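Readers should treat all values here as calculations from the given coordinates under stated rules, not as data from a laboratory. Note that the coordinates shown come from a computational prediction; the quantities given were computed from them, not determined experimentally. Positions of Cβ are generated from backbone atoms using ideal geometry, with glycine treated the same way; all protein chains shown enter the neighbour counts.
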Amino acid sequence: MIEAAIEVVCCFCGKSFHQEQAVILAVYPTDDRKESQNLYCHPCCLKKVVSKCVPLHPDLYSEIEEEVDNNDAFPLSNFLSFLNRLSEAHISYHLIHSMEDAIEVHVDVPGERWEVDYFADGQVYVERFTNPSGEIKDEKELEELFRLFSD
Ligand SMILES: [Zn+2]
């Protein structure tokens, strides 16, 4: 017999999810009350609302860290906002997927080429070909691209 998963509502974000994944918050309205109200929440929602200076139960940390790790992976919104900016500035580009762990953006502008590599671990390398030293720059260099070539 398959047990139906019990759904609970996260008291912070209001979404329902499985009870087994929930953290239970026991609320005693006053110190002398014997009965508590049980509230459920996502471990990550708890982490967001509790001040960083309050250490949480150690069992929560492994789960929380996994989620944080996932959030730290390839920042898609960052990547997309770069592509949107290029489009808005009418700068032509194309995407190349030649490395296992990165997406390259090749930007062709008069007299130079920029290659911007977005790595899975969140790193961004900017290479600018006119730059005689061929040195690798960081993401800040991209401001220069928009400054020079936006129309
Ligand atoms: Zn939640």
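What are the ³J(HN,Hα) values, in whole Hz, obtained from phi via the Karplus relation 6.51 cos²θ - 1.76 cosθ + 1.60 with θ = phi - 60°, for each residue of the stretch 39-52 in sequence order, with x given for Gly and Pro?
After applying 6.51 cos²θ - 1.76 cosθ + 1.60, I find 10, 10, 7, 6, x, 6, 5, 4, 4, 5, 8, 7, 4, 4 Hz.
So what is the calculated 222 nm ellipticity per residue for the chain, using -39500 (n - 2.57) for each DSSP H run with n of 4 or more, over all residues, to the nearest 500 deg cm²/dmol? Intermediate values should be presented prior to the final figure.
Details: 4 runs with 43 residues, N = 151.
My calculation for the chain gives -8500 deg cm²/dmol from helical runs alone.
For C11, list long-range residues whose amide hydrogen, built 1.01 Å from N in the peptide plane, is under 5 Å from its own amide hydrogen.
Residues meeting the amide H criterion: Y40, C41, H42.
Helix 76-88 against the longest principal axis of the chain: what's the angle in degrees, Cα atoms only, rounded to the nearest 10?
The answer is roughly 40 degrees.
Suppose R0 equals 30 Å. What FRET efficiency, 1/(1 + (r/R0)^6) with r the Cβ-Cβ distance, do A89 and C53 give to the nearest 0.05?
Working: r = 43 Å, r/R0 = 1.42.
Efficiency for this residue pair is about 0.10.
If the chain between R113 and T130 were fully stretched, how many nm would it gain, using 0.36 nm times the residue separation less the Cα-Cα distance? Could the numbers behind the result be given before it?
On the way: separation 17, 0.36 × 17 = 6.12 nm, distance 0.73 nm.
Gain on extension, R113 to T130, equals 5.4 nm.
Taking N as the number of residues in the stretch 76-149, what value does Rg over Cα atoms divided by 2.2 N^0.38 Å take? Don't skip to the answer; put the middle values down first.
Working: Rg = 11.6 Å, N = 74, 2.2 N^0.38 = 11.3 Å.
Taking N as the residue count of the stretch 76-149, the ratio is 1.03.
Quick check: residue separation of N38 and K137 times 0.36 nm, minus the Cα distance between them. What number comes out in nm?
Working: separation 99, 0.36 × 99 = 35.64 nm, distance 5.20 nm.
Contour length minus Cα-Cα distance gives 30.4 nm.
List the lysines whose Cα lies under 17 Å from the Cα of K47, skipping any in the same chain that are fewer than 8 positions away.
Within the straight-line cut-off, K47 pairs with K15.
Give the order of E127, E112, E20 when sorted by the count of other beta carbons within 10 angstrom, beginning with the fewest.
Numbers: E127 17, E112 14, E20 8.
Listed from fewest to most nearby Cβ atoms, that is E20, E112, E127.
Mind listing the phi-derived Karplus ³J(HN,Hα) values for the stretch 10-25, rounded to whole Hz, using 6.51, -1.76 and 1.60 with θ = phi - 60°, and x for any glycine or proline?
Result, ordered by residue: 5, 6, 9, 9, x, 8, 8, 7, 6, 4, 4, 8, 8, 8, 9, 9 Hz.
Write down Rg/Rh for the chain, rounded to two decimals, with Rg from the C-alpha atoms and Rh from the Kirkwood relation over Cα pairs. Working shown, then result.
Details: Rg = 23.8 Å, Rh = 19.6 Å.
Reported Rg/Rh (Cα atoms, Kirkwood Rh): 1.21.
Take the Cβ-Cβ distance between C13 and A120 as r, set R0 to 41 Å, and report the resulting FRET efficiency rounded to the nearest 0.05. Mind dumping the intermediate values first?
On the way: r = 27 Å, r/R0 = 0.67.
E(calc), rounded to 0.05, equals 0.90.
What angle do you read, to the nearest 10 degrees and between 0 and 90, between the alpha-carbon axis of helix 58-72 and the longest principal axis of the chain?
Helix 58-72 sits at roughly 20 degrees to that axis.
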